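Notes follow the structure.
The values are calculated or read from the model by the stated rules, or taken from the named source; none is laboratory data. What you see is a predicted model, and the numbers here were worked out from it, not measured in a lab. Cβ placement follows ideal geometry from the backbone for every residue including glycine, while neighbour counts extend to all protein chains displayed. Heads up: the accessible areas ignore ligands, DNA and RNA and are worked out on the full protein's heavy atoms, side chains in. Shrake-Rupley method; radii C 1.70, N 1.55, O 1.52, S 1.80 Å.
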Amino acid sequence: MNLWDDIVGQDDAVRVLKRAAAVTDVRDREMTHSWLITGPPGSGRSNLAYAFAADLLSPGERDAVVHRQVAARSHADLVRLTTEGVTITVAAAREAARKVNFAPSSGRYRVVVVEDADRMNEQAANALLKAIEEPPDQTVWILCAPSEADLLPTIRSRVRSLVLHVPSVEDVAQLLHNRDGVDLELARTAAREAQSHIGMARRLATDEAARERRAKTVDAVLRITSVGGAIRTAQTLVDVANEDAKSLGEEHLAEQEEQFLRQLGLTPGATVPRQLRGQLTQFKKSMKDRERRGVRDGVDRVLVDLLSVFRDALLVSIGRPDDLVNDAERDRITEFAEQLRAEGALAVLDALSTARERIEGNVPVLLAIEAALVTVAERRALAA
């Protein structure tokens with residue numbers, strides 16, 4: 001197994017990290033002990049971080065056993081700092097900072113991967129600052145975030161940054177075809193509709209229910225003709241988001257619970273010894289916290305799909321219909337665009353972006369989506 005095989009469209013970043021992982025002298029300028037990998041959602045930030053971590057932890061060149069352990073998140077010298085709920089907590093940040101003081105048990109380094117560094121509040125970031133600023137020679141920090149602006153300036157100034165870009169639809173499709181055995185045409189459709197988000201493309205390519213939920217989202221918004229219809233559609237979309245989050249959460253929980261039990265030395269389905277039951281209870285509580293964040297993320301996925309519809313309508317309105325995300329609905333989107341015109345499509349795109357910001361600011365999800373979809377109805381009414 002080689003985790004680098006899951007990286008697509010990021011040749012420059014891969015080259016830099018492979019070269020750094022091959023360094024044996026800690027004073028070599030190619031290697032630094034604090035990294036920040038930034039890029040848009042779906043660009044493969046965390047995949048790249050774990051591939052780099054696996055090479056850093058390998059006693060030999062790209063040890064397949066180590067790569068499997070890192071893929072399972074079970075390597076003894078790998079520390080993960082992830083979002084338990086909406087944010088990364090101060091307690092979790094302090095615990096990660098404490099762990100870096102231990103020497104690695106089997107390899108050259110102890111590696112800390114912070115998957116969602118943008119979800120640290122100021123207190124959590126400050127808890128990590130000193131550890132990142134002065135890491136031991138045998139510790140490597142790898143932070144992942146959408147952009148440098150999502151982190152405190154004090155942290156940004158102490159890390160080496162690598163910026164990723166959105167991989168091409170064809171690159172993502174080839175990955176799904178080669179790695180997951182997905183039919184190439186289905187892989188291309190999934191990659192396009194996921195807007196090259198690798199994780200979502202895989203889900204759309206391999207999960208028919210996910211494809212149906214996305215199709216339901218697009219169909220619902222294209223049917224809006226009145227304010228009342230907009231209100232009803234908002235509720236439909238919230239329901240779709242909840243269904244999507246529940247489905248994804250169940251899959252994730254099963255995987256995470258199996259992995260957690262194996263870390264405790266247990267096989268799935270085996271009786272849990274009394275002395276380990278407290279740890280399992282705490283694990284399940286943390287997964288419930290993540291489930292709440294999953295609902296928020298499910299809503300955001302629906303909004304991203306809606307944005308793609310009106311992005312397509314805008315392209316049609318300005319005479320650039322060749323690169324539509326929702327090509328399967330080309331005829332309906334063309335008719336929609338003729339009604340909305342470019343200024344209407346821009347107004348709805350702005351309203352949907354505002355809805356995302358409001359939801360991040362804890363405005364009730366249904367109200368935020370209703371307000372955005374009412375703009376669709378108003379623009380169609382103006383066109384009529």
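For segment 138-150, the count of residues that are out of contact with any Leu (no Cβ under 7 Å at 6 or more places or on another chain) and under 24 Å from residue 306 (Cα atoms) is at least one. Selection of segment 169-214 for residues being farther than 30 Å from residue 141 by Cβ, out of contact with any Leu (no Cβ under 8 Å at 6 or more places or on another chain) and of a type in the set (Gly, Ala, Ser) yields 181, 209.
The residue that is farthest from residue 224 (Cα to Cα), among those in segment 351-384 that are acidic (Asp, Glu) and under 25 Å from the mean Cα position of the chain (by Cα), is 360. Taken over segment 109-129, the criterion of being farther than 24 Å from residue 153 by Cα and assigned to a loop (DSSP other than H, G, I, E, B) is satisfied by 109 alone.
Identify all residues within segment 31-43 that are part of a loop (DSSP other than H, G, I, E, B) and within 20 Å of the chain's Cα centre (by Cα); write none if there are none. Before you say what the answer is, go through the steps one by one.
Of segment 31-43, the ones part of a loop (DSSP other than H, G, I, E, B) are 31-33, 39-43.
The answer is 39, 40, 41, 42, 43.
When residue 213 is tested against (1) more than 17 Å from residue 368 (Cα to Cα); (2) at pLDDT below 90, exactly one condition is not met: (2). In segment 11-30, the qualifying residues are those that are at pLDDT 90 or above and either part of a loop (DSSP other than H, G, I, E, B) or open to solvent by 40 Å² or more (accessible area, probe 1.4 Å) (or both), and the one that is farthest from residue 297 (Cα to Cα) is 19. Just a yes or no: is a residue in segment 121-130 open to solvent by 40 Å² or more (accessible area, probe 1.4 Å), in contact with a Lys or Arg (Cβ under 8 Å, 6 or more places away or on another chain) and over 18 Å from residue 49 (Cα atoms)? No, segment 121-130 has no match at all.
Residue by residue, here is whether (1) within 26 Å of residue 8 (Cα to Cα); (2) out of contact with any Cys (no Cβ under 9 Å at 6 or more places or on another chain); (3) of a type in the set (S, T, N, Q) holds:
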position	(1), (2), (3)
108	no, yes, no
111	yes, yes, no
114	yes, no, no
118	yes, no, no
133	no, yes, no
141	yes, yes, no
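To keep it simple, each residue is scored yes or no on (1) within 18 Å of residue 233 (Cα to Cα); (2) hydroxyl-bearing (Ser, Thr, Tyr); (3) assigned to a helix (DSSP H, G or I).
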position	(1), (2), (3)
331	no, no, yes
335	no, no, yes
339	no, no, yes
349	yes, no, yes
353	yes, yes, yes
357	no, no, yes
367	yes, no, yes
381	yes, no, yes
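Taken over segment 155-183, residues that are open to solvent by less than 40 Å² (accessible area, probe 1.4 Å), more than 20 Å from residue 144 (Cβ to Cβ) and part of a helix (DSSP H, G or I) amount to 2.
Could you list, in sequence order, all residues of segment 184-214 that are touching a residue at least 60 places away in the same chain (Cβ under 8 Å) and surrounded by fewer than 22 Cβ atoms within 10 Å (Cβ to Cβ)? Working first, answer last.
Kept after step one, since they are touching a residue at least 60 places away in the same chain (Cβ under 8 Å), are these residues of segment 184-214: 189, 192-201, 214.
Correct list: 189, 195, 199.
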